[in-house]
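Trainee: First, the structure itself, so that you have it in front of you.
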Amino acid sequence: MSHAKFHGFICAVVAMVLMGTLAGPAWGTQSAWVGGTGNWQDANYWSGGVPAHDYDTAIVDGGEAKINGINAFAGILTVGSLGTGTVLQQSGTLQGTNTLTLGDYESGKGTYQLQGGVIGGFDGLVVGSSGTGRFIQSGGYVEIYTDVNLGENTGSQGRVELSGGTFLADVELSVGVQGAGSFIQSGGYMAVLGSMNLGGSVSSHGYAELSSGTLYASDLVSVGFYGQGTFVQTGGSCNLASCIQIGSHSSSYGLYQLSGGTMNVGDYFYVGVDSGSQGSFLISQPNDSNNAYCEANCPLELGQNGGTGTFTQTGGTVVCRTFVAVGSGDGSQGSLMISGGSFLSSSGTTISVGSGSGAQGVLNITGGSLKANGPIVMAGGSASTAQLYVAKAATVQVGGLTINSGSGRSTKVSMEIDSNGHSFIGSSGTVSLAGALNIQSLNNYRPNQGDAFTLITSTGMSGNFSSLTSNLINSDANANVMGLLIRDANATDPNLKYWSAFRGGVAANAYVLTFQGAMAGDATADNVVNGNDFGALARNWMQSGKIWTDGDFNGNGTVDGTDFGALARNWGLTGLTPEAAPPPPEEPIPEPVTATLLAAGGLALLRGRRRFGG
């Protein structure tokens, strides 16, 4: 075919398309509802006659059109284009081909009520395009072949309320695309055969609420996609076959609150995904008759790729079938906070706290129970930070505990003691210790001499904590020993005569913390006053800002003559009990004027003790 003939052929085709002879069924008439309340099939209410084909355009911009027991058609249906319009469908069918829009322009307000019957054939549903839209379904069946958008453009508001019947979105449900969207389900069945997004853009807000009925999604559910998303579940069943992201992209914020009903996730459970994102999941059970249950048949990861993820449990039941990662990705922050309910990791895989390079992970168990068939692994990533807090009110049973060290890692395990008991970690596997141990005494509890606390049990234990700290004590970061201050001790305190110390160590595959008295003058807390203690005092003579291990035995912050007198009275003594300890002097011993006199006095003391002993 020559170029000229080909050009002529194309022109002919274009002409036929413009004349409608080659394009298939052309869009038919456009008809507008003239106002008032009436039946859809009544021609008196339509400006261009009753829309009779699924390629006609219908506009309901005032009044209410009723569909009841008929087959209605509208290729494009707009309810509330510039004004206020309503469609009430009680039975029958509405067949469309293109888009159903509720609240088209800024001034438009459109409402569609489906009480029974069928809506089918529409490629899309827009509830609040630039105006305000509302779709209310209490019965019947609706299927949208492509996207369902609630709050599509900036300034728009879209709301879907489902209390009965069945709603199918074949591709995607977006709640708050660029505006504000709400999806409220109090019954019925909602199936999203694709993805579901809450808060699609930076300035948008998407809100979903499930109190009864069933919500099913076959693909990704994002709560806070780029904007703000909130999902509140107080009942019903939420079945997510693929994965959920709470706080997906940079600048997003997602919140999922589960206080009743069941939630099941199939492939991935991510909270705080990308750098700059924030995600929070909260499960509680304020009403014992309405169980809150969350099951993740997949990894649970809190903080990925620099994001921040928090999982908080105050009640209910959580079951994880594979691994849990708290502070998963590089540079991320993750927190798992359990204060009530039951958290079960059943697969035998790890609960990792701070697994990414430079990640920060926090596992706080202040109540309820954590039971894991696998181990807790702390600070798996280089330069990571991991914290584990176990309160005495919590039950913790794990398949092991590994605390990594080196390569810039920082770890801390915190536990509690009081007069009624102490924290406990029971391990059915091996335990490897490192990092810091912090002991929190509740209600100013002071143990008695020799009190021992078994904090961790295992089938095999290695390593040790490199330091101990407490809210009651001065600490030496370089020793596994801590000295208690008695500056404000009560006169009836059995430890009044002692500067007491905690000692921790491994014994028979258990970690045991012992409260052991350290007599005044015992700077090293090795239960003997000797030259090592005198050396510590001499090195810090008349210096302020000092603690027990520096020679400050009366807790006033300065190493002075009073401290020297305490050391002198107990020189050479070992193994004292609180009852045998000498009482504090009523008057301080006069202070030597120089460190030289102190040294001289110490040497004389040493010589005198040797003569007495010989």
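Trainee: Using θ = phi - 60° and the Karplus form 6.51 cos²θ - 1.76 cosθ + 1.60, what ³J(HN,Hα) does each residue of region 210-218 get, whole Hz, x for Gly and Pro?
Mentor: Rounded to whole hertz, the list is 10, 10, 6, x, 10, 10, 10, 9, 8.
Trainee: Here's something else I'd like to know. Enumerate the residues in region 424-462 having an amide nitrogen under 11 Å from the point lying 7 Å beyond the Cα of residue 527 toward its Cβ.
Mentor: 450
Trainee: Moving on. Taking amide H positions as placed in the peptide plane 1.01 Å from N, state which residues far from residue 231 in sequence (5 or more) or on other chains have amide H under 5 Å from it.
Mentor: 208, 255, 256, 257
Trainee: If you don't mind, another one. Under the Karplus relation 6.51 cos²θ - 1.76 cosθ + 1.60, θ = phi - 60°, what is the ordered set of whole-Hz ³J(HN,Hα) values for region 421-430, x standing for Gly and Pro?
Mentor: With coefficients 6.51, -1.76 and 1.60, one gets x, 7, 5, 8, 10, x, 10, 8, x, 7 Hz.
Trainee: Could you calculate the contour length gain from residue 42 to residue 321, that is, 0.36 nm times the residue separation minus the distance between their Cα atoms, to one decimal place in nm? Let's see the in-between values first.
Mentor: Details: separation 279, 0.36 × 279 = 100.44 nm, distance 5.88 nm.
Residue separation times 0.36 nm, minus the Cα-Cα distance, leaves 94.6 nm.
Trainee: May I ask you to sort 219, 104 by Cβ crowding, counting other Cβ atoms within 10 Å and putting the fewest first? Numbers along the way, then the final one.
Mentor: Details: 219 16, 104 25.
Result, fewest neighbours first: 219, 104.
Trainee: While we're here: Could you run the Karplus curve 6.51 cos²θ - 1.76 cosθ + 1.60 with θ = phi - 60° over region 559-569 and give me ³J(HN,Hα) per residue in whole Hz, x for Gly and Pro?
Mentor: 8, 9, x, 4, 5, 5, x, 5, 5, 5, 5
Trainee: Using alpha-carbon positions, what is the distance between the centroids of region 417-446 and region 343-368, in Å?
Mentor: Each part reduced to its Cα centre gives a spacing of 18 Å.
Trainee: Could the peptides 283-291, 413-421, 298-306 be put in order, highest first, of the mean number of other beta-carbon atoms found within 10 Å of their residues?
Mentor: The most tightly packed comes first, giving 298-306, 413-421, 283-291.
Trainee: Ranked highest first by average number of other Cβ atoms within 10 Å, how do 29-41, 203-215, 375-387 line up? Working shown, then result.
Mentor: On the way: 29-41: 16.6, 203-215: 22.2, 375-387: 24.2.
Those peptides, ordered most packed to least, come out 375-387, 203-215, 29-41.
Trainee: Also: What is the set of long-range amide H partners of residue 101 at a cut-off below 5 Å, with H atoms built 1.01 Å from backbone N?
Mentor: Correct list: 77, 78, 79, 126.
Trainee: Further question on the same structure: Within 10 Å of each residue's Cβ, count the other Cβ atoms and sort 310, 459, 366 from fewest upward. Mind showing how you got there, number by number?
Mentor: Numbers: 310 23, 459 12, 366 17.
Exposure proxy ranking, most exposed first: 459, 366, 310.
Trainee: Search the structure for amide H atoms under 5 Å from the amide H of residue 504, placed 1.01 Å from N in the peptide plane, and list their residues when 5 or more places away or on another chain.
Mentor: 514
Throughout, read-outs are computed from the coordinates displayed, never taken from laboratory work. Every value quoted in this text rests on a predicted model; they were computed, and no experiment measured them. FYI the Cβ positions are ideal-geometry reconstructions off the backbone, even for glycines, and counts take in every protein chain you see.
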